[in-house]
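Please treat every number below as a calculation from the coordinates, not as lab data. What you see is a predicted model; the values in this text were computed from it and never measured. Heads up, the Cβs are rebuilt from the backbone with ideal geometry, glycines too, and the neighbour counts pull from every protein chain shown.
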Amino acid sequence: MARNPYQLWRQLEKDDVKVLAVIESLQGRYEYVPVEVLERRSRIPGPRVKRSLDKLNELKLIKRKLGSVIGYSLTFYGLDVLSLNNLIARNVIVALGDRIGVGKEGSVYYALTPSGDRVVVKFHREGRRTFRRIRLLRSYAADKPRKQWLQIAKLIGEREFKALVELEREGARVPRAIAWNRNAVVQEYIPGVELYRVRDLSLEEAEAVLEDIVDTVRIAYARVGIVHGDLSEYNVLVSEDSGAYIIDWPQYAYRDEEGADLLLQRDLQYISRYFRKRFGIQVDWRKLLEKVRGSAP
Ligand code: ADP
Ligand code: MN
């Protein structure tokens, strides 16, 4: 059961956040950061450091390793809390709300901005959660040892944020990227439902949704130079006015990368089959491919 990072963050005091951040900063050098090093680096008196470590360990924000030297390493919860702490300190958001998503293991939450707008925060945990994606990302994770899941989650956060920024700049229908820190990406909240849950779409509306999807796939390919790679009825949000948005981009591949063409084909084959089966729309994925590739190299 996922625990809300905001509820964890609220239990922390200044020392705790500081100690957590120091552990993170030394994680590249130590798998488990020795207590002595932590005491030195945090510039906090020893007993207070120990108290913080006990508390952080209790909250499972860090993991303790006992041995001749006692050491600590950051957990995914700890990483989420550090990301959140940064976003709150920067005044990007003031609080997190409930987790979004229906019966999924996802880590996407509603959040509130200082001006009272609802936005969305996605905490990346791909390293552990979705190995398939890491395989798609292997060029990028190749030089990282298996243990560095947290590092990979941060890179993926950056990757998704930058993709969203570029996609939006080129006019693709994606949530606007608002901010990023570590493994957390803040984005515009799209009021609507996933395509697989949409009820009662007329044929016309379904055709419009498909057109939005193909248009965004085309912009991504032709203008940004990327392929989504996991296009499905779960990663399309249909908003209240029936406009469609493509979400969940971190596993994208560059157009020139090996295998990207195959991914693009798969995305289009998958989506046309879905529209054929569900709405009876006869679409030839090759036609879509032509549309997407157009005059692109
Ligand atoms: P993952 O599939 O890796 O868990 P997604 O980015 O697909 O991550 O998000 C999971 C779910 O969260 C989506 O299916 C959707 O219900 C919801 N969601 C994600 N981003 C948004 C957004 N910008 N606006 C509204 N809901 C969102
Ligand atoms: Mn998804």
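Some observations on this one:
- Taken one residue at a time, the phi angles of segment 244-255 give Karplus couplings (6.51, -1.76, 1.60, θ = phi - 60°) of 10, 10, 9, 10, 6, 9, x, 8, 4, 10, 6, 3 Hz. Gly and Pro are set to x.
- With 5 Å bins from 0: P(r) over the chain, alpha-carbon pairs, percent: 1, 5, 11, 14, 16, 14, 12, 9, 7, 5, 3, 2, 1, 0
- Each residue of segment 119-126 was assigned a 3J(HN,Hα) from its phi angle through the Karplus expression (A = 6.51, B = -1.76, C = 1.60, θ = phi - 60°), giving 10, 10, 10, 10, 9, 7, 9, 3 Hz with x at Gly and Pro.
- For residue 194, residues with placed amide H under 5 Å, excluding near neighbours: 238
- Across segment 5-77, the fraction of Cα-Cα pairs farther apart than 22 Å, rounded to a whole number, is 11%.
- Spatial offset of segment 164-218 relative to segment 271-295 amounts to 18 Å, using the alpha carbon center of each.
- Relative contact order for the chain: 12 percent, from Cα pairs under 8 Å spaced at least 6 residues apart, divided by residue count.
- A cut-off of 5 Å between modelled amide H atoms, ignoring neighbours fewer than 5 places along the same chain, links residue 124 with 184, 185.
- Annotation: amide H-H contacts under 5 Å for residue 181 (H modelled 1.01 Å from N, sequence separation of 5 or more, or interchain): 186.
- In this calculation the C-beta distance from residue 65 to residue 241 is compared with R0 = 51 Å, giving a FRET efficiency of 0.45.
- Of every Cα-Cα pair in segment 191-297, the percent that sits beyond 23 Å: 22 percent
- Derived scalar couplings ³J(HN,Hα) [segment 269-286; Karplus, 6.51 cos²θ - 1.76 cosθ + 1.60; whole Hz; x for Gly, Pro]: 4, 4, 6, 5, 4, 4, 5, 5, 5, 8, 10, x, 7, 7, 10, 9, 4, 5
- Spread of Cα-to-Cα distances over 5 Å intervals beginning at zero, given as percent, for segment 207-255: 5, 23, 31, 25, 13, 4, 0
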